[in-house]
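Asks: If you scroll down you'll find the structure; I have some questions about it.
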Amino acid sequence: MNIFDRITEAVIAGRDDEIVKLADEVIANGIDPVDAIQNGGVRG
């Protein structure tokens, strides 16, 4: 399961603290969330 799947699950479950943690992880990894989502995932 990739990070965006984990974020989706957290949003559905309403776990705000988990969403923030995952968003911080995305930013820390230098992933552009908009680019990654538009392109169907993270490119290696």
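Read-outs throughout are calculated quantities, based only on the coordinates presented, and are distinct from any laboratory measurement. In this text the structure is predicted, and so the values were computed from the model without any measurement. Cβ sites come from the backbone with ideal geometry, for glycine too, and all protein chains shown count toward neighbours.
Asks: Can you pull the one-decimal nm distance between simple spin-label points at residue 24 and residue 12, each 7 Å off the Cα toward Cβ?
Replies: For the pair residue 24/residue 12, the computed spacing is 2.5 nm.
Asks: Taking θ = phi - 60°, what integer Hz values does the Karplus form 6.51 cos²θ - 1.76 cosθ + 1.60 yield along segment 17-33, in sequence order, with x for Gly and Pro?
Replies: 5, 5, 4, 5, 4, 5, 5, 4, 5, 4, 5, 4, 7, x, 8, 7, x
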